[in-house]
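What follows is a single structure, written as structure tokens, with notes after it.
The values are calculated or read from the model by the stated rules, or taken from the named source; none is laboratory data. Keep in mind that this is a model prediction, so the values were computed, not measured. We place every Cβ from the backbone using ideal geometry, glycine too, and count neighbours over all the protein chains shown.
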Amino acid sequence: MTEPLTIEDLSAHYGKVQVLEDFSLQIAAGELVSLLGASGCGKTTTLRLIAGFLEPTSGRIRLGDQDLTRLPAHRRNIGLVFQNYALFPHLTVAENVGFGLKQRGIGGAERAARVAAMLERVELTDLASRLPGALSGGQRQRVALARALVIEPPLLMFDEPLSNLDAKLRVGMRAEIRQMQRANGTTSVFVTHDQEEAFSISDRVAIMQAGRIMQFDTPETLYQRPANAFVARFVGFENLIPMRVVAREGESVEAEAEGGARLSLSQAEYGAIPDAFVLGARAEGLLVLPPEAPGLPATLGLRSYLGRAYQYLCATPAGPLTAQGPLGAPQMPAAAARLQPLAAQCCILAPE
Amino acid sequence: MKQPLHPLLIAFAVVVFFFLVAPLVIILGAAVSDTTFLTFPPRGISGRWFVKVFEMAAFRRTIVTSLQIAFLATGFALLIGLPAAYALNRFRIQLPHWLSTVFVLPILVPEIVLGFSLLKSVQVAADLPVFSTLVIGHTLIVLPYAVRVISASLSAFDFSMEEAAVSLGSPPLKTFFTIVLPNVRSAVIAAFILAFITSINDVSVSLFLTGPGVSTLPIQILAHVEQFFDPVIASVSVLLMLLTVGVMAVVELTLGLTFLAK
Ligand SMILES: Nc1ncnc2c1ncn2[C@@H]1O[C@H](COP(=O)(O)OP(=O)(O)OP(=O)(O)O)[C@@H](O)[C@H]1O
Ligand SMILES: [Mg+2]
């Protein structure tokens, strides 16, 4: 029942505007994958292509060993949950949930039993005979979920299903979706532009930009080892410092940033360092040291208290950077300091 | 707590009400007058002018013709208007802006001109029978109402519901009937009533298109008024009103109820 989804070189356009270009993605059976990206990057378009509401100009979509590319949408057997729920306003909750079963010719007692069991699972049994107009946002979301799940599809897709809920409900529903998806082992695609949501719910996340996948990996890898500057910025590496190597001696590398400031980095800690690279560092990966210490020379600016450390906006010859210093020694604004990267919280990226 | 109404507002409402209702009262009064000429207030009460209407073959015939044309024209207008309104809204972004205007054009053209051009092009040039030309003409004048009313309702329709149904396994055409249509039901009923009333009351287009042996009720009324000035006119007008109200009630009840019972 659970199937892998394979998307190969998919391209699509609206009119003359190319929205997806050579988009490829392999999702393992039972895996939940999120598409994460800024508004307009093509997430919904990808879902619509998989669902069959939009025809690709080229490429293939396969679910298990079935080729979906030319199959009409109503025969694809995909469970869809929409951002605005898209419940049928003239049908009761039970009729909404039973709609897919009815299309499959499942009638009478069996349909009623399966609808009842599903309503029980999403805790909506009491509301079975209500119309969607008389439900709260969270309840509508549950109906939408039940309606997609009850047909036991081999593939589930969610388009920003939680964005219309308040923060607390969102976290709760997120866990619920994940639990049901795990329990059924249904291959799933989840669209969101909320990084925390994507990372917390997914096995793997595809970070998208302008119709292309920038990196497809587990949340852990994305967070610690972004593959390029775009992903690094996306997952919160505030400091991206372009550098070039000026000297090498064994594992030790001497690199120069714009403005002439130098850092010595060890390939034992950072891995291979190419001649030109971008040093990516989160604020907590750039340590504020006294001006005598080695590191990038900086002038401290605005200081903010974070609880576990102080954070400083710094002016450096290589541009403005964000760094952190220990609580014991708050530094005054305009003080001179050195910034030293901590290898464990930094990454070496290809130049943009 | 009730907010007191301003006396001027009440006065205004009364005046408007009077203007709306007065003609109905006058016609009803004139229709039951026991005189041989039109008069109001009625002198004496009698139903004989209603009986007279049905004794006159011309009226009997035109009532039937008018009903036939109104039903056919309304039916055609809905058959064309419903898919048109659907397409205009469903594919709004892909379609050129001016397209929705095309469906309102017949409202902009003076009906007299429309009738005349239909006479020239359809009846004379294409040599169609009078009855068919009348149906075509009436379909044309009621189509804008059908498209407009149904379009207004569809513009608020969320087409992702349709996609939801399709993803659940419902073929597109079936989805139209099970998901789209029930949600624009009241608009379809409203369009039916509006189109029907427009057709059955039409004079200007029918004036050109009626021909030997085939006429509509309003045209027959016109012809009668040119020769006589008796209360038959008032009675037939009352009948026309009752007919309209009756059709509205029947449509509302049957369509409304069958849709509710689903
Ligand atoms: N029907 C359409 N016609 C023309 N262009 C469209 C259409 N739908 C989307 N687009 C364009 O295609 C691009 C991708 O849109 P898409 O809806 O896939 O973005 P998204 O990633 O889902 O964004 P969001 O997070 O805002 O939902 C956008 O630039 C958008 O303007
Ligand atoms: Mg979207």
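Do the conditions hold for A:Ala210, that is, is it within 16 Å of ligand 2 (Cβ to nearest atom) and either surrounded by fewer than 20 Cβ atoms within 10 Å (Cβ to Cβ) or away from chain B (no Cβ under 14 Å) (or both)?
yes
For A:Asn84, all conditions in the list (1) more than 13 Å from ligand 2 (Cβ to nearest atom); (2) more than 25 Å from A:Asp22 (Cα to Cα) hold save one; what is the number of the exception?
A:Asn84 satisfies all of (1) more than 13 Å from ligand 2 (Cβ to nearest atom); (2) more than 25 Å from A:Asp22 (Cα to Cα) except (1).
Looking at segment B:85-93, can you tell me whether even one residue there is surrounded by 13 or more Cβ atoms within 10 Å (Cβ to Cβ), hydroxyl-bearing (Ser, Thr, Tyr) and at pLDDT below 90?
no
Can you tell which of B:Pro231, B:Pro212 is over 27 Å from A:Gln103 (Cα atoms) and touching a strand residue (DSSP E or B) at 6+ places or on another chain (Cβ under 9 Å)?
So the residue among B:Pro231, B:Pro212 that is over 27 Å from A:Gln103 (Cα atoms) and touching a strand residue (DSSP E or B) at 6+ places or on another chain (Cβ under 9 Å) is B:Pro231.
Based on what the data block shows, is A:Ala109 surrounded by 14 or more Cβ atoms within 10 Å (Cβ to Cβ), of a type in the set (Gly, Ala, Ser), more than 30 Å from the chain's Cα centre (by Cα) and in a helix (DSSP H, G or I)?
Criteria not met by A:Ala109.
For the condition part of a loop (DSSP other than H, G, I, E, B) and in the same structural domain as A:Met180 (by TED's automatic domain parsing), what is the one hit in A:Gly40, A:Gly133?
Exactly one of A:Gly40, A:Gly133 is part of a loop (DSSP other than H, G, I, E, B) and in the same structural domain as A:Met180 (by TED's automatic domain parsing), namely A:Gly40.
Taking segment A:43-75 as the region of interest, how many residues are out of contact with any Lys or Arg (no Cβ under 8 Å at 6 or more places or on another chain), β-branched (Val, Ile, Thr) and away from ligand 2 (no atom under 16 Å from the Cβ)?
Matching residues across segment A:43-75 total 2.
Which members of segment A:53-77 meet the condition of being surrounded by 21 or more Cβ atoms within 10 Å (Cβ to Cβ) and either at pLDDT below 90 or within 23 Å of the chain's Cα centre (by Cα) (or both)?
The answer is A:Ile61, A:Leu63.
Could you tell me which residue of segment B:199-213 is nearest to the chain's Cα centre (by Cα), considering only residues that are surrounded by fewer than 19 Cβ atoms within 10 Å (Cβ to Cβ) and not hydrophobic (A, V, I, L, M, F, W, C)?
B:Asn201
Look through segment A:1-53, keep the residues that are more than 14 Å from chain B (Cβ to nearest Cβ) and of a type in the set (Ser, Thr, Tyr), and return whichever of them is farthest from ligand 1 (Cβ to nearest atom).
Looking at residues that are more than 14 Å from chain B (Cβ to nearest Cβ) and of a type in the set (Ser, Thr, Tyr), I get A:Thr2.
Quick check on my filter: what residues within segment B:123-174 are among the aromatic types (Phe, Trp, Tyr) and either surrounded by fewer than 20 Cβ atoms within 10 Å (Cβ to Cβ) or within 10 Å of chain A (Cβ to nearest Cβ) (or both)?
Listed by number, the residues that qualify are B:Phe131, B:Phe157, B:Phe159.
So how many residues does segment A:154-193 have that are within 16 Å of ligand 1 (Cβ to nearest atom) and in contact (Cβ under 8 Å) with a residue 40 or more places away in the chain?
Number satisfying all stated conditions: 12.
Looking only at segment A:84-105, decide whether some residue is in contact with a Pro (Cβ under 7 Å, 6 or more places away or on another chain), within 15 Å of ligand 1 (Cβ to nearest atom), within 14 Å of chain B (Cβ to nearest Cβ) and under 28 Å from B:Gln94 (Cβ atoms).
No - not one qualifying residue is present in segment A:84-105.
One residue is enough: does segment A:137-159 have a residue meeting the conditions surrounded by fewer than 16 Cβ atoms within 10 Å (Cβ to Cβ) and more than 14 Å from chain B (Cβ to nearest Cβ)?
Yes, the conditions are met somewhere in segment A:137-159.
All but one of (1) within 26 Å of A:Ala175 (Cα to Cα); (2) within 14 Å of chain B (Cβ to nearest Cβ) hold for A:Arg111; which doesn't?
(1)
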